[in-house]
Amino acid sequence: MDDPGPSSNYYRSFAATADGPIHPPSPPHSPLLSSTVPDHVHHTDLYALLNLSKDASESQIRERYRSLATTFHPDRQRNDHDRYIAHSRFTEIQRAYEVLIDENKRMIYDLFGEEGLKTSWELGPKNKSKDELRSYFINKEYERRSMEAEALVKTKSDIELVLDARAVFLPKSFFKDPNVIPHDPISRIRRIRPGRSVMKHSFETPITAFGFKNVQCMIEGQSLSRNGKGGSNVLGTIKYQFSPKLWMEFSTSALQPRVGRFKGTWTVDEDQYITWNLVQQTLGNPPQVGVTYGRRLYADSTGFISYESGSYAIGPWGSESPISIPSSLSVGVTTTRRDGAGWTVQTTAGLGASRLAADWSTKIPGGLRLKFGAEVGLGSSPTLFINADGKLTENVRGGVLLQCEVGGGVIMKFKFNRLGQRLSIPVLLSERLSPTVIFCSTVIPAVTYLGAYRYVILPRKKRRLKERITELREENKEFIVQKKAEALDAVHLMEREVEKRAKMERDRNGKFPLSCSIVVAFAKYLLILSGLIIVSAQYGVSSSFTPRGIKGSEKDEEEIVDVTVPVQALVQDGKLYIPGGKGKFNIIGFWDPCIGENKSLRVRYLFRGKLHEVTVDDTASLRAPIKAHALDDA
């Protein structure tokens with residue numbers, strides 16, 4: 001029982017990649033039932049240490065190294081104490097420079113981090129190009145990840161158990177002698193009976209023999225049982241990636257009934273794609289063909305058109321088939337966003353399948369994704385569905401689907417997925433629409449979830465998060481003290497150089513001789529306006545920053561640190577730039593006062609005589625001066 005809705009059908013049309021079937025993006029969030037804080041990594045990010053972006057050029061690396069060497073070189077210090085402090089910091093700067101300036105070391109660091117630099121790599125012939133070396137390292141990383149994934153999950157299973165719970169909601173008047181049959185809640189639950197059961201078990205492995213590359217082989221066993229009767233089959237699938245733009249897969253069953261399937265995805269360019277799906281159910285008929293062409297309309301929206309051939313005949317081939325499946329043409333638009341929200345609309349025209357379908361997804365408290373959908377057609381009853389799913393724990397996903405058909409029944413489906421092992425339990429609640437069944441399956445669960453999330457799950461997550469943060473601070477207590485001391489020492493070394501740079505910025509607001517020409521005076525006036533002075537800079541826990549200022553901490557720990565000097569040191573030629581993607585505690589002169597918590601940086605600066613202010617997240621980039629940072633009352 002596949003998930004309903006045009007968005008689910010849209011993703012099922014693609015050929016599966018090496019990582020499995022294509023799914024819509026899930027909203028980024030922590031698991032519903034657990035609160036995870038990653039362990040603190042003690043390695044310093046080399047790019048952040050030099051205040052460089054990952055795509056920095058060699059000239060930018062050299063220029064930044066020379067600028068830092070001017071401040072931290074031991075020979076430039078005035079006394080032995082400062083030289084001793086500068087030595088350790090300059091050693092880190094020099095190592096970062098040596099790694100990033102070397103193409104091979106930089107490539108290894110980008111792919112594997114600090115652990116990669118500790119590994120001995122066999123690079124092969126020394127005349128390999130940069131692209132060849134990068135391909136080599138990527139293949140090594142793919143092999144390592146594949147081995148880890150294979151050790152973690154070697155197989156995949158899918159179990160579906162259908163339960164018939166229609167008798168649970170039957171009224172007393174339905175029975176001939178209602179007084180003989182108990183109707184208490186426990187007795188009603190005992191009326192549930194098992195229905196159909198489906199089991200699938202598969203394993204997938206790459207084929208490397210005979211020089212094959214990018215080939216995956218999957219063997220899947222299937223079994224179906226209902227009322228003591230059933231059947232089974234074995235399905236074999238070959239997946240092959242001809243190029244980064246072309247994926248194909250071919251499947252066939254080994255036992256009767258034999259069914260062959262050929263799917264493919266061709267990415268024409270970054271804005272266009274084509275998918276196809278051929279299904280051969282019997283040699284007496286031509287294969288049913290489905291083709292989809294899609295094109296990106298906007299950044300998050302894609303339009304697509306699909307054609308399903310249905311059953312047809314080519315001369316005598318298929319002309320005597322007793323089964324007739326009409327063809328159809330579908331046109332739709334789908335929109336997906338990184339936060340999990342989106343919508344899909346699809347209209348289908350055909351002799352026997354004209355319909356209009358739509359669904360809409362949004363994020364709800366707890367990080368779950370809620371999807372509403374409806375479908376109306378000329379030859380079928382209107383259908384409505386509601387689906388909620390998301391991460392329950394770090395490795396477990398779960399969801400609930402409610403599907404109602406006007407003139408039909410009500411089905412509720414429970415879904416669980418853990419590391420490729422899936423369990424789904426569809427429960428048939430009613431043969432026809434019933435207000436009681438719909439109320440019990442929608443309003444009551446929704447109110448129960450919101451109440452449990454508000455008063456049980458959320459307080460529990462916050463409590464566990466605080467406990468974990470406290471544990472992290474206790475585990476890294478000595479490390480925090482060490483980093484604070486190193487940051488203060490770095491600030492001490494930077495003060496003299498920073499004062500010189502700040503004086504240069506202030507001098508741009510200074511006086512110039514009256515004897516100079518008008519042209520020179522105007523040029524110096526332009527320099528006056530270009531000075532950027534850091535008035536103050538604070539870094540720490542995000543919740544302490546408010547529109548009116550900085551909120552005082554109720555704890556004894558230091559949560560906000562003054563980083564005015566380190567930020568002023570980053571100002572060059574009247575401009576400030578801090579790359580994003582990494583925590584700012586890696587910058588020289590910074591340190592992390594609140595390990596495990598969300599952090600922000602607030603900077604106040606003077607530019608062209610006006611006061612500016614900006615607050616950015618820990619991993620966001622910062623550019624200044626920008627007109628939008630100006631304070632209205634400045």
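The values are calculated or read from the model by the stated rules, or taken from the named source; none is laboratory data. Since this is a predicted model, take the numbers as computed values, not measurements. All Cβ positions, even for glycine, are placed from backbone atoms using ideal geometry, and neighbour counts span all protein chains on display.
Filtering the stretch 344-387 to residues that are touching a Leu at 6+ places or on another chain (Cβ under 7 Å), more than 17 Å from N9 (Cβ to Cβ), surrounded by fewer than 19 Cβ atoms within 10 Å (Cβ to Cβ) and of a type in the set (G, A, S) leaves only G367. Only residues that are within 24 Å of Q281 (Cα to Cα) and part of a strand (DSSP E or B) were counted in the stretch 209-268, giving 36.
When you scan the stretch 300-318, do you find a residue that is exposed (fewer than 14 other Cβ atoms within 10 Å of the Cβ), hydrophobic (A, V, I, L, M, F, W, C), assigned by TED's automatic domain parsing to the domain that holds P194 and without any contact (Cβ under 8 Å) to a residue 24 or more places away in the chain, even just one? Within the stretch 300-318 (the criterion being exposed (fewer than 14 other Cβ atoms within 10 Å of the Cβ), hydrophobic (A, V, I, L, M, F, W, C), assigned by TED's automatic domain parsing to the domain that holds P194 and without any contact (Cβ under 8 Å) to a residue 24 or more places away in the chain), the answer is no, since none of the residues qualifies. Residue pairs whose Cβ atoms lie under 8 Å apart, separated by 6 or more positions or on different chains, with the first residue in the stretch 48-64 and without any contact (Cβ under 8 Å) to a residue 40 or more places away in the chain and the second of a type outside the set (D, E) and in a loop (DSSP other than H, G, I, E, B), are Q60/L52; R64/L50; R64/N51; R64/L52; R64/A56.
When residues in the stretch 43-87 are screened for being farther than 23 Å from R501 by Cα, exposed (fewer than 13 other Cβ atoms within 10 Å of the Cβ) and either touching a strand residue (DSSP E or B) at 6+ places or on another chain (Cβ under 8 Å) or among the polar types (S, T, N, Q) (or both), 1 of them pass. Summed over the stretch 388-401, the residues that are in a strand (DSSP E or B) and either charged (D, E, K, R) or surrounded by fewer than 18 Cβ atoms within 10 Å (Cβ to Cβ) (or both) give a count of 5. Within the option set R468, R501, R506, R496, being at pLDDT below 85, touching a strand residue (DSSP E or B) at 6+ places or on another chain (Cβ under 8 Å) and assigned to a helix (DSSP H, G or I) holds for one residue only, R506. Every condition in (1) within 20 Å of S8 (Cβ to Cβ); (2) out of contact with any Pro (no Cβ under 9 Å at 6 or more places or on another chain) is met by G340 except one, and the failing one is (2). Tallying residues that are small (G, A, S) and modelled with pLDDT of 85 or more within the stretch 15-47 yields 0.
Selection of first residues in the stretch 449-465 that are within 20 Å of R369 (Cα to Cα) and surrounded by 13 or more Cβ atoms within 10 Å (Cβ to Cβ) and of second residues that are polar (S, T, N, Q) and at pLDDT below 90, restricted to Cβ pairs under 8 Å at least 6 apart or on distinct chains, gives the following pairs, ordered by first then second residue: K461/S30; K461/S34; K461/S35. Filtered by the rule that a residue be in a loop (DSSP other than H, G, I, E, B) and within 9 Å of Y539 (Cα to Cα), the stretch 555-577 gives E559, V563. Summed over the stretch 77-99, the residues that are under 19 Å from L570 (Cα atoms) and of a type outside the set (S, T, Y) give a count of 7. All of (1) at pLDDT below 80; (2) under 20 Å from S67 (Cβ atoms); (3) polar (S, T, N, Q) hold for T564 with one exception: (1). Could you go through the stretch 578-599 and let me know if any residue there is surrounded by fewer than 20 Cβ atoms within 10 Å (Cβ to Cβ), assigned to a strand (DSSP E or B) and modelled with pLDDT of 90 or more. No, the stretch 578-599 contains no residue that is surrounded by fewer than 20 Cβ atoms within 10 Å (Cβ to Cβ), assigned to a strand (DSSP E or B) and modelled with pLDDT of 90 or more. Of all residues in the stretch 354-387, count the ones that are assigned to a strand (DSSP E or B) and without any contact (Cβ under 8 Å) to a residue 40 or more places away in the chain. Matching residues across the stretch 354-387 total 11.
State whether one or more residues within the stretch 610-624 are buried (at least 18 other Cβ atoms within 10 Å of the Cβ), in a loop (DSSP other than H, G, I, E, B) and of a type in the set (G, A, S). There is no residue in the stretch 610-624 that is buried (at least 18 other Cβ atoms within 10 Å of the Cβ), in a loop (DSSP other than H, G, I, E, B) and of a type in the set (G, A, S). Across the stretch 613-626, a minimum of one residue is classified as more than 19 Å from S53 (Cα to Cα) and not hydrophobic (A, V, I, L, M, F, W, C). Has the stretch 247-259 got any residue that is surrounded by fewer than 15 Cβ atoms within 10 Å (Cβ to Cβ), more than 28 Å from the chain's Cα centre (by Cα), within 30 Å of F304 (Cα to Cα) and not charged (D, E, K, R)? Within the stretch 247-259, one or more residues are surrounded by fewer than 15 Cβ atoms within 10 Å (Cβ to Cβ), more than 28 Å from the chain's Cα centre (by Cα), within 30 Å of F304 (Cα to Cα) and not charged (D, E, K, R).
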